[in-house]
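Let me begin by presenting the structure, written as structure tokens, before commenting on it.
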Amino acid sequence: MIKLDLTRELPPWTELLLYLVGGLGIFTLCSYGIHFFFTEITLWLSLTVFCLNVVCLGGCFYFLGVRRGKVTLSQLGLFPARWHWRWLLAAIVLSIIFIPIRSIIGAMVEFLLVGNFESLTIRSAILTGGGDFSWFSFALNFLGAALVVPISEELYFRGLIHSMFQRYMDFWPRMLLSSALFGLAHVDSIGVIISSFILGLVNAAAYEKSKSLWLPIAMHMITNGFAISFVYLAKFLGI
């Protein structure tokens, strides 16, 4: 029987392939499997996808990253926490600046390449679980999409993948490649791919500058929180 020893040092691209298959690959397969059997978008379907995100991406970070000694919580500035409260102001300001920029660019690309915004509508439905407005739905989706998912995605894309690129690549190649992978993870919509690519660039730069994963986590939370709140506000107003 051939046994794969994951504790030994692997070539960079083999290591990357391991991360992509072990995290994003499994999450994608599970997500498509769920959507194949459950075609109607419901609150519980959305929450299941959020939980899969945490289990697959967060689990990959822990088992293939931390447990194998490829990254440490201290190296990422997570524990002991490397945090300055002025970063919260920076996260808010940067989010306010880039949310409209990336939203407009993403929408323009979507319209130019696809000719409609159908995929963005589906993405909004997934974020809100479909159905009409309710405070219960808003609270659960805000908890999942705006507070929990940003942590697992930042651990995986910046904490694991971008940190690996730091060992082998110069600044701009690793910035562009890690952000491209983050964008392509949102493959259900061209507009969201472009918008996520921009967010990936900003968050990767924030991580490089602060040497702490807490700053991109805060920015990701603010961005997702704004998106959830905006969509639910539209539902509440009946738009």
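Of the residues that sit in the range 150-201 and are closer than 19 Å to K70 by Cβ and of a type in the set (G, A, S), which one is nearest to the chain's Cα centre (by Cα)?
Only one residue fits best here, namely S152.
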Can R158 be described as surrounded by 13 or more Cβ atoms within 10 Å (Cβ to Cβ), closer than 25 Å to V54 by Cα, in contact with a Pro (Cβ under 7 Å, 6 or more places away or on another chain) and of a type in the set (K, R)?
yes
All but one of (1) surrounded by fewer than 19 Cβ atoms within 10 Å (Cβ to Cβ); (2) closer than 30 Å to F136 by Cβ; (3) of a type in the set (A, V, I, L, M) hold for L10; which doesn't?
(2)
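Considering only residues that are in a helix (DSSP H, G or I), among the aliphatic types (A, V, I, L, M) and in contact with a Ser or Thr (Cβ under 8 Å, 6 or more places away or on another chain), which ones fall in the range 150-195?
Of everything in the range 150-195, those that are in a helix (DSSP H, G or I), among the aliphatic types (A, V, I, L, M) and in contact with a Ser or Thr (Cβ under 8 Å, 6 or more places away or on another chain) turn out to be I161, I190, V192.
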Given the conditions (1) part of a helix (DSSP H, G or I); (2) out of contact with any Pro (no Cβ under 8 Å at 6 or more places or on another chain); (3) not aromatic (F, W, Y), which single one is not true for A206?
(2)
Residue list for the range 111-121, filter: among the hydrophobic types (A, V, I, L, M, F, W, C) and surrounded by 15 or more Cβ atoms within 10 Å (Cβ to Cβ)
F117, L120
Go through (1) loosely packed, with under 15 Cβ neighbours inside 10 Å; (2) in contact with a Gly (Cβ under 7 Å, 6 or more places away or on another chain) and name the single condition L213 misses.
(1)
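Select, from T48, T72, T39, the only residue that is surrounded by fewer than 15 Cβ atoms within 10 Å (Cβ to Cβ), at pLDDT below 95 and of a type in the set (S, T, N, Q).
After applying the criteria, what remains is T39.
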Exactly one of (1) surrounded by fewer than 19 Cβ atoms within 10 Å (Cβ to Cβ); (2) in contact with a Leu (Cβ under 6 Å, 6 or more places away or on another chain) is unmet by D170. Its number?
(2)
Is there any pair linking a residue in the range 224-238 that is buried (at least 16 other Cβ atoms within 10 Å of the Cβ) to one that is among the aliphatic types (A, V, I, L, M) and modelled with pLDDT under 90, with Cβ under 7 Å and at least six apart or on different chains, and which?
A227/L127; I228/L127; V231/L127
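The values are calculated or read from the model by the stated rules, or taken from the named source; none is laboratory data. Just so it is clear, the structure is predicted and the values come from calculations on it, not from any experiment. No Cβ is skipped: glycine too gets one built from the backbone with ideal geometry, and neighbour counts run over all protein chains shown.
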